[in-house]
Amino acid sequence: MGLIPQIVRYAAGTLVYEEGARGDFACLVRSGEIEIFRMHGDDKVEIARTKAGQMFGELELVDGASRMASARAATSAEIEMIPRAAFLNELLALDPRIHAALLELIGFVRTAEPLAPGAAGDASRAEMAAFLRGVAFGRSLDAVKSPFTRTIADLVLYYAGRRVPH
């Protein structure tokens with residue numbers, strides 16, 4: 001995959017990628033629904049559903065880690081695959097402070113376990129809640145001019161917010 005996004009069609013039930021795989025692309029849903037899920041033992045736990053206009057699979061492109069979850073077409077779907085190289089070109093243009101804040105948020109998202117509450121998870125969520133409330137980064141998003149930066153920041157804050165008690 002070069003710098004040009006590709007459009008791929010998936011039949012309902014088709015796996016887009018598996019948890020633990022290398023993240024070589026992000027996905028923008030053009031039509032249909034994609035189920036994002038993780039396996040916990042023999043149980044499949046749905047984390048999210050993405051629909052037309054929503055992106056998934058982007059965190060791995062920001063921090064270079066493996067896929068956190070699997071993605072499967074819940075319905076027939078058309079997905080725009082955004083290659084890692086194109087994504088990284090945009091990422092490299094970010095202000096280093098925003099990039100550092102994104103990596104911090106992604107680190108939290110990767111380590112927080114919303115499906116298994118406990119003392120360690122509660123402490124991690126409390127720490128992230130304080131970070132989200134107090135950090136200037138979260139309050140300064142309105143000043144961000146780049147649609148790419150704003151989209152990535154909004155996505156990471158969304159993922160982190162799902163794991164933080166309100």
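Where a number appears in this text, it was derived from the coordinates with a stated rule and is not lab data. Given the structure is predicted, the values throughout are model-derived calculations rather than measurements. Every residue, glycine among them, receives a Cβ derived from its backbone with ideal geometry; neighbour counts consider all protein chains shown.
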What residue, among those in segment 53-83 that are under 15 Å from the mean Cα position of the chain (by Cα) and among the polar types (S, T, N, Q), is farthest from Arg38 (Cα to Cα)?
Gln54
More than 14 Å from the chain's Cα centre (by Cα), surrounded by 12 or more Cβ atoms within 10 Å (Cβ to Cβ) and closer than 21 Å to Arg84 by Cα: does that describe Val29?
no
